[in-house]
Amino acid sequence: MKLTILGGGGFRVPLVYAAVLGQRTGRGIHEVALHDTDESRLRAIGHVLAEQAQRHTPASEGPPPAEVTTTTSLDEALDGADFVFSAIRVGGLEGRVVDERLALDLGLLGQETTGPGGVGYGLRTVPVALAIAERVSLLAPDAWVINFTNPAGLVTQAMQSVLGDRVVGICDSPLGLAKRAAGALGLRLPEVIIDYAGTNHLGWLHGLSANGRDVLPELLADRELLESFEEGRLFGADWLQVVRAIPNEYLWYYDFTRDSIAQIREAGQTRGEYLRGQQADFYAAVRSSPGRAWQIWDGVRRERNATYMAETRPDEGRQRSAEDVEGGGYEGVALALMAAIAYDDPATLILNVRNRGTLPGVPDDAVVEVPCLVTGAGPATLPVSPLRGRELGLVQQVKAVDELVIQACRERSAAVAIQALASHPLVDSVSVARQLWTGYRERLAPFYAGFR
């Protein structure tokens, strides 16, 4: 099989290659083709992967590591691909800095995927994602596209308009939440049935069934257990006992908006600004010392993971657990999804797929994030508890924003783009939405030049 990774010069690509090397899910992959528009980043990540392959000790009967190829030609990368992992960042980290800082300067949440930053990111990403989908349809029509690109639900839905169900979005946050909640009760993921529903970065854990019984109420009733893991500490037992569910960590930006804005400001720099500096240093270090590429990458990875969503842990006593720092996780979800499809090896995963009635009150063609049984035929959604009240209202409103973003990109309409920004629940004024749009047009002009 040929696995193509779009955004192949990205920092997290070695996580995927490690999964290809180290898991049985990587069996059968003979080529990993990396595509990126930045040749210097491709070279740097190529050095990291070469050292990974050298360090890998295959089983005695195992195949040699998959060949790694690099190219700046999209068509060359896609030609003959069986699976395409899309992990692009349109506008780079400079775009992310603008997304976050522009919103903060206007008194709004400055975050990559949640709030106005996610809308701005989507407005410049969807046109590129649609163009990629068109090339996949021509050059690799039987390929499955596994979308990592944020905002994952929005981008997946846009690409599905071209490629249909052969585009599946992934995120490791829901399974990570379920794993931590189960672990607090002394259970492992294979021992529970997960009742989780929502959209990407906007979902809730409603139940955990073990031996035919929902054990989540026991967790919610036990304050000490509830605050023994990341999400319990983040939201606090008092709030979780009110909502009677455990939200995805990104709901913190909706539930504690003022707190999050204050803490991001207090940090002195946004996450994008931090990563921009860190990654510039990383790529420069690899260019200077290519023989130490993997060691350099691994050290930066640990630091990056430890500081993930640092604004939610403002004091030193709330650092990420060692397991989460080592974690990652999305690459494991992607490889498990690929293996389930390629070898008809059933797996239950939480994925971004078409709703088709799974969540009442949400359009059938909308992409939702729910548990799925994946086989050689692809993902099929599993039954989950319906969203109600505020949960349903939030999902409907944010999904309507997603649809406006896609419409704005297809029509290249500035008016619809402003409507998308103004419709987001974390944007509190039409006039502010207009200011956001003006800011995007001024600071990232090449990416919005086609809008009229």
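Does A182 satisfy the condition of being of a type in the set (G, A, S) and surrounded by fewer than 21 Cβ atoms within 10 Å (Cβ to Cβ)? Criteria not met by A182. Criterion applied to Y343, Y440, Y448 was being in contact (Cβ under 8 Å) with a residue 12 or more places away in the chain, among the aromatic types (F, W, Y) and surrounded by 21 or more Cβ atoms within 10 Å (Cβ to Cβ), and the one residue passing it is Y440. The single residue among A221, A237 that is open to solvent by 10 Å² or more (accessible area, probe 1.4 Å) and without any contact (Cβ under 8 Å) to a residue 24 or more places away in the chain turns out to be A221.
Would you be able to say whether some residue in the range 296-316 is at pLDDT below 55 and on the phi > 0 side of the Ramachandran plot? No, the range 296-316 has no match at all. Scanning the range 404-415 for residues that are open to solvent by 70 Å² or more (accessible area, probe 1.4 Å) and either within 20 Å of the chain's Cα centre (by Cα) or touching a residue at least 40 places away in the same chain (Cβ under 8 Å) (or both) turns up just one, R410. Against the conditions (1) part of a loop (DSSP other than H, G, I, E, B); (2) touching a strand residue (DSSP E or B) at 6+ places or on another chain (Cβ under 8 Å); (3) closer than 22 Å to N150 by Cα, V384 satisfies every one except (3). Of all residues in the range 153-198, those that are in contact (Cβ under 8 Å) with a residue 40 or more places away in the chain, closer than 25 Å to D222 by Cα and assigned to a helix (DSSP H, G or I) total 10. Counting the residues of the range 416-437 that are touching a residue at least 60 places away in the same chain (Cβ under 8 Å), part of a loop (DSSP other than H, G, I, E, B) and in contact with a helix residue (DSSP H, G or I) (Cβ under 8 Å, 6 or more places away or on another chain) gives 4.
Condition check ((1) among the aliphatic types (A, V, I, L, M); (2) in a helix (DSSP H, G or I); (3) at pLDDT below 95) across all residues:
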residue	(1), (2), (3)
L205	yes, no, no
L208	yes, no, no
L225	yes, yes, no
L240	yes, yes, no
Y250	no, yes, no
R276	no, yes, no
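The selection criterion, being assigned to a helix (DSSP H, G or I) and modelled with pLDDT of 95 or more, holds for D402. Among the residues of the range 376-400, those identified as without any contact (Cβ under 8 Å) to a residue 40 or more places away in the chain and open to solvent by less than 40 Å² (accessible area, probe 1.4 Å) are G376, L392, G393.
Test Y254 against the criterion of being open to solvent by less than 20 Å² (accessible area, probe 1.4 Å) and in a helix (DSSP H, G or I), and give yes or no. Considered against the rule, which asks whether it is open to solvent by less than 20 Å² (accessible area, probe 1.4 Å) and in a helix (DSSP H, G or I), Y254 comes out as no.
Selection over the range 97-147 of residues that are in contact with a Gly (Cβ under 9 Å, 6 or more places away or on another chain), of a type in the set (K, R) and open to solvent by 20 Å² or more (accessible area, probe 1.4 Å) gives a count of 1.
The values are calculated or read from the model by the stated rules, or taken from the named source; none is laboratory data. Just so it is clear, the model here is predicted, and its values are computed rather than measured. A quick note on method: Cβ atoms are made from the backbone with ideal geometry, for glycine too, and the neighbour counts reach across all protein chains shown. The accessibility values were calculated without ligands, DNA or RNA, using every heavy atom of the protein model including side chains. Shrake-Rupley method; radii C 1.70, N 1.55, O 1.52, S 1.80 Å.
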